[in-house]
Amino acid sequence: MARHFAQDTGDSARAARRGWCVALVVWVCVIWGHSLLAGPQSSAESGFVVTLLRPLFTAVGVTDPDLMSLAVRKAAHFTEYLILGLIVANNCRVRMVRGWRAAILTLAFVAVPFIDELCIQRMTPGRSGNLVDVGIDCAGFALGTFVAWLWFRGKDRS
(Lines give C-alpha, C1' and ligand atoms only; values in the text may rest on other atoms or scores of the structure.)
Protein backbone atom coordinates (compact mmCIF):
# COMPACT_ATOMS: atom_id res chain seq x y z
CA MET A 1 0.00 0.00 0.00
CA ALA A 2 2.72 2.47 0.96
CA ARG A 3 4.64 1.59 -2.20
CA HIS A 4 1.55 2.25 -4.34
CA PHE A 5 1.06 5.62 -2.59
CA ALA A 6 4.68 6.56 -3.28
CA GLN A 7 4.22 5.69 -6.95
CA ASP A 8 1.08 7.83 -7.12
CA THR A 9 2.92 10.71 -5.49
CA GLY A 10 5.79 10.35 -7.97
CA ASP A 11 3.44 10.23 -10.94
CA SER A 12 1.54 13.20 -9.57
CA ALA A 13 4.76 15.20 -9.10
CA ARG A 14 5.92 14.34 -12.64
CA ALA A 15 2.54 15.43 -14.01
CA ALA A 16 2.76 18.70 -12.10
CA ARG A 17 6.29 19.36 -13.39
CA ARG A 18 5.22 18.57 -16.94
CA GLY A 19 2.10 20.74 -16.63
CA TRP A 20 3.97 23.78 -15.33
CA CYS A 21 6.66 23.32 -17.99
CA VAL A 22 3.99 23.25 -20.72
CA ALA A 23 2.33 26.32 -19.18
CA LEU A 24 5.68 28.12 -19.27
CA VAL A 25 6.32 27.36 -22.94
CA VAL A 26 2.75 28.22 -23.93
CA TRP A 27 2.81 31.52 -22.03
CA VAL A 28 6.11 32.66 -23.54
CA CYS A 29 4.59 31.82 -26.95
CA VAL A 30 1.51 33.91 -26.07
CA ILE A 31 3.70 36.87 -25.10
CA TRP A 32 5.89 36.62 -28.18
CA GLY A 33 2.85 35.94 -30.35
CA HIS A 34 1.33 39.25 -29.27
CA SER A 35 4.62 40.95 -30.13
CA LEU A 36 4.49 39.50 -33.63
CA LEU A 37 1.18 41.25 -34.33
CA ALA A 38 1.76 44.08 -36.79
CA GLY A 39 1.16 47.62 -35.53
CA PRO A 40 -2.41 47.99 -36.89
CA GLN A 41 -3.49 44.61 -35.49
CA SER A 42 -1.97 45.40 -32.10
CA SER A 43 -3.68 48.81 -32.07
CA ALA A 44 -7.00 47.20 -32.96
CA GLU A 45 -6.61 44.72 -30.10
CA SER A 46 -5.81 47.53 -27.65
CA GLY A 47 -8.68 49.60 -29.06
CA PHE A 48 -11.12 46.78 -28.37
CA VAL A 49 -10.00 46.62 -24.73
CA VAL A 50 -10.20 50.43 -24.45
CA THR A 51 -13.80 50.25 -25.73
CA LEU A 52 -14.65 47.67 -23.08
CA LEU A 53 -12.99 49.69 -20.30
CA ARG A 54 -14.13 53.17 -21.42
CA PRO A 55 -16.88 53.36 -18.74
CA LEU A 56 -14.29 52.58 -16.07
CA PHE A 57 -11.87 55.17 -17.45
CA THR A 58 -14.54 57.88 -17.59
CA ALA A 59 -15.68 56.97 -14.07
CA VAL A 60 -12.20 57.81 -12.78
CA GLY A 61 -11.96 60.97 -14.89
CA VAL A 62 -9.81 59.75 -17.81
CA THR A 63 -11.34 60.96 -21.06
CA ASP A 64 -8.35 61.18 -23.40
CA PRO A 65 -8.44 58.18 -25.80
CA ASP A 66 -4.64 58.23 -26.21
CA LEU A 67 -4.15 58.05 -22.45
CA MET A 68 -6.66 55.20 -22.25
CA SER A 69 -4.78 53.30 -24.96
CA LEU A 70 -1.44 53.92 -23.25
CA ALA A 71 -2.81 52.65 -19.93
CA VAL A 72 -4.24 49.51 -21.56
CA ARG A 73 -1.00 48.75 -23.39
CA LYS A 74 1.19 49.22 -20.33
CA ALA A 75 -1.21 47.23 -18.14
CA ALA A 76 -1.10 44.43 -20.73
CA HIS A 77 2.70 44.36 -20.56
CA PHE A 78 2.64 44.28 -16.78
CA THR A 79 -0.03 41.58 -16.62
CA GLU A 80 1.59 39.30 -19.22
CA TYR A 81 4.80 39.28 -17.25
CA LEU A 82 3.11 39.04 -13.85
CA ILE A 83 1.58 35.79 -15.10
CA LEU A 84 4.98 34.68 -16.42
CA GLY A 85 6.48 35.34 -12.96
CA LEU A 86 3.79 33.18 -11.34
CA ILE A 87 4.44 30.37 -13.80
CA VAL A 88 8.24 30.52 -13.37
CA ALA A 89 7.86 30.50 -9.58
CA ASN A 90 5.58 27.48 -9.77
CA ASN A 91 8.10 25.72 -12.01
CA CYS A 92 10.77 26.33 -9.37
CA ARG A 93 8.48 25.01 -6.67
CA VAL A 94 7.40 21.79 -8.38
CA ARG A 95 10.98 21.07 -9.43
CA MET A 96 12.24 21.76 -5.89
CA VAL A 97 14.58 24.47 -7.21
CA ARG A 98 15.47 26.77 -4.35
CA GLY A 99 18.04 29.33 -3.26
CA TRP A 100 20.63 30.54 -5.73
CA ARG A 101 19.48 28.06 -8.41
CA ALA A 102 15.98 29.51 -8.30
CA ALA A 103 17.43 33.02 -8.49
CA ILE A 104 19.50 32.10 -11.55
CA LEU A 105 16.53 30.43 -13.24
CA THR A 106 14.38 33.46 -12.49
CA LEU A 107 17.02 35.85 -13.81
CA ALA A 108 17.25 33.77 -17.00
CA PHE A 109 13.62 34.59 -17.68
CA VAL A 110 14.41 38.29 -17.52
CA ALA A 111 15.80 37.65 -21.02
CA VAL A 112 12.24 37.11 -22.28
CA PRO A 113 11.23 40.81 -22.22
CA PHE A 114 14.56 41.86 -23.76
CA ILE A 115 14.07 39.40 -26.62
CA ASP A 116 10.45 40.54 -26.88
CA GLU A 117 11.18 44.26 -27.05
CA LEU A 118 14.61 44.47 -28.61
CA CYS A 119 14.40 41.65 -31.15
CA ILE A 120 10.83 40.59 -31.96
CA GLN A 121 9.07 43.95 -31.84
CA ARG A 122 11.85 45.76 -33.69
CA MET A 123 11.45 43.32 -36.59
CA THR A 124 7.64 43.48 -36.62
CA PRO A 125 6.10 46.03 -39.03
CA GLY A 126 4.52 48.97 -37.25
CA ARG A 127 6.04 48.04 -33.88
CA SER A 128 9.04 49.35 -31.99
CA GLY A 129 10.97 48.00 -29.04
CA ASN A 130 11.03 50.13 -25.93
CA LEU A 131 13.29 49.85 -22.88
CA VAL A 132 10.56 51.43 -20.73
CA ASP A 133 8.39 48.43 -21.63
CA VAL A 134 11.21 46.09 -20.59
CA GLY A 135 11.14 47.82 -17.18
CA ILE A 136 7.36 47.43 -16.96
CA ASP A 137 7.68 43.78 -17.97
CA CYS A 138 10.36 43.15 -15.34
CA ALA A 139 8.25 44.86 -12.67
CA GLY A 140 5.29 42.63 -13.53
CA PHE A 141 7.55 39.57 -13.50
CA ALA A 142 9.00 40.56 -10.11
CA LEU A 143 5.55 41.08 -8.63
CA GLY A 144 4.40 37.71 -9.98
CA THR A 145 7.33 35.87 -8.42
CA PHE A 146 6.89 37.79 -5.16
CA VAL A 147 3.16 36.99 -4.97
CA ALA A 148 3.92 33.32 -5.65
CA TRP A 149 6.60 33.35 -2.95
CA LEU A 150 4.14 34.85 -0.44
CA TRP A 151 1.54 32.25 -1.42
CA PHE A 152 4.01 29.36 -1.01
CA ARG A 153 5.25 30.76 2.27
CA GLY A 154 1.70 30.93 3.59
CA LYS A 155 0.97 27.37 2.43
CA ASP A 156 4.20 26.08 3.97
CA ARG A 157 3.29 27.58 7.35
CA SER A 158 -0.15 25.98 7.46
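The values are calculated or read from the model by the stated rules, or taken from the named source; none is laboratory data. These numbers come from a predicted model, not from an experiment. Positions of Cβ are generated from backbone atoms using ideal geometry, with glycine treated the same way; all protein chains shown enter the neighbour counts. To get the accessible areas, we keep the full protein, side chains included, count just its heavy atoms, and leave off ligands, DNA and RNA. Shrake-Rupley method; radii C 1.70, N 1.55, O 1.52, S 1.80 Å.
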Roughly how many nanometres apart are two label points built 7 Å out from the Cα toward the Cβ at VAL26 and ALA44?
2.6
Mind checking which of LEU118, LEU53, SER42 is farthest towards the positive end of the chain's charge dipole, using Cβ charges of +1 (Lys, Arg) and -1 (Asp, Glu) about the Cα centre?
LEU118
Between ASP66 and ARG95, what length comes free when the chain is fully extended (0.36 nm per residue of separation minus the Cα-Cα distance, one decimal in nm)?
6.1 nm
Treating only Lys and Arg (+1) and Asp and Glu (-1) as charged, each at its beta carbon, one finds that the chain has a dipole about its Cα centre, in Debye to the nearest 20, of 800
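Multiply the residue gap between ALA59 and ARG17 by 0.36 nm, knock off their C-alpha separation, and tell me the result in nm, one decimal place.
10.8 nm is the gain from fully extending ALA59 to ARG17.
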Give me the accessible area of LEU24, 1.4 Å probe, in Å² rounded to the nearest 10.
20
Could you give the size of the charge dipole of segment 1-92 about its Cα centre, using +1 on the Cβ of each K and R and -1 on the Cβ of each D and E, expressed in debye and rounded to the nearest 20?
300
Farthest toward the dipole's positive end in segment 10-158, which of VAL72, PHE152, ASN130, given Cβ charges of +1 (Lys, Arg) and -1 (Asp, Glu) about the Cα centre?
PHE152
Counting pairs of alpha carbon atoms under 8 Å apart in space and at least six apart in sequence, what relative contact order in percent does segment 3-158 give?
33
Restricted to Cα positions, what overall size does segment 70-158 have along the principal axes? Three whole-Å values, descending.
50, 26, 16
Dipole magnitude of segment 81-134, debye to nearest 20 (Cβ charges: Lys/Arg +1, Asp/Glu -1, about Cα centre)
300
Provide the gained length on full extension for the span THR79 to ASP156, in nm with one decimal, where the gain is 0.36 nm per separating residue minus the Cα-Cα distance.
25.1 nm
When all protein chains stay in place, what accessible area (Å², nearest 10, 1.4 Å probe) is found for THR124?
10
